[in-house]
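Engineer: Before I ask anything, let me first share the structure, which is written out below as structure tokens.
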Amino acid sequence: QVQVVESGGGLVQAGGSLRLSCAATGSFLRFNYVDWYRQAPGKQRELVAHITSGGSTTYADSVKGRVTISRDGANNTVYLQMNSLKPEDTAVYYCNVKVGLMAYWGRGTQVTVSS
């Protein structure tokens, strides 16, 4: 079993920065990959960023250049550094961790960007 906990969300003004963390714990050595998703009220959940255990990354066009995903393999923790935040980045951010054939979700962390 794998537990996933997101943290680091909060209220920030437009143009500000936040760093989200995704900590995965449990009986596994390392994840296959980790995705950060977000879901704004009334909208579908969308993929924001992706990182493999080898460190390869991809980003949604909407955040490219403003967001960096990184990992601490020793602690199975993945970070999402978000800069130049915009009001449209307001959403609940979720972490999805793929271990073997299973994928595990956290409960999310709220990010609110005020204009």
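The values are calculated or read from the model by the stated rules, or taken from the named source; none is laboratory data. It should be emphasised that the depicted structure is a prediction, and the values quoted were computed from it without experimental measurement. Side chains included, ligands, DNA and RNA excluded: accessible areas come from the protein's heavy atoms. Shrake-Rupley method; radii C 1.70, N 1.55, O 1.52, S 1.80 Å.
Engineer: At each listed q (0.11, 0.16, 0.23 Å⁻¹), what is the log10 of I(q)/I(0) that the Debye formula gives for the stretch 1-66 modelled as equal alpha-carbon point scatterers?
Structural biologist: -0.33, -0.70, -1.27
Engineer: Same structure again: In Å², what does the accessible area per residue of the chain work out to with a 1.4 Å probe? Intermediate values should be presented prior to the final figure.
Structural biologist: Values: 6180 Å² over 115 residues.
I get 54 Å² per residue for the chain.
Engineer: Of all accessible surface on the chain at a 1.4 Å probe, what whole percent is carbon and sulfur?
Structural biologist: Here it works out to 48 percent.
Engineer: While we're looking at this one, here's another question. Given 25 °C and 0.890 mPa s, how large is the Stokes-Einstein diffusion coefficient of the chain in µm²/s, with Rh as the Kirkwood radius over Cα pairs?
Structural biologist: On the way: Rh = 14.0 Å.
Rounded to a whole number, D works out at 175 µm²/s.
Engineer: Over all directions, the average projected area of the alpha-carbon convex hull for the stretch 44-103 comes to how many nm²?
Structural biologist: On the way: hull surface 19.4 nm².
Over all viewing directions, the stretch 44-103 projects a mean Cα-hull area of 4.8 nm².
Engineer: Return the whole-Å distance between the Cα centroid of the stretch 9-32 and the Cα centroid of the stretch 93-109.
Structural biologist: 11
Engineer: Take the alpha carbon gyration tensor of the stretch 33-75, find the square roots of its eigenvalues, order them as a ≥ b ≥ c, and report rounded if a/c is under 1.5; if not, report prolate when a/b exceeds b/c, else oblate. Could you put the intermediate results ahead of the total?
Structural biologist: Values: a/c = 2.68, a/b = 1.80, b/c = 1.49.
Prolate shape, in that a/c is at least 1.5 and a/b is the bigger ratio.
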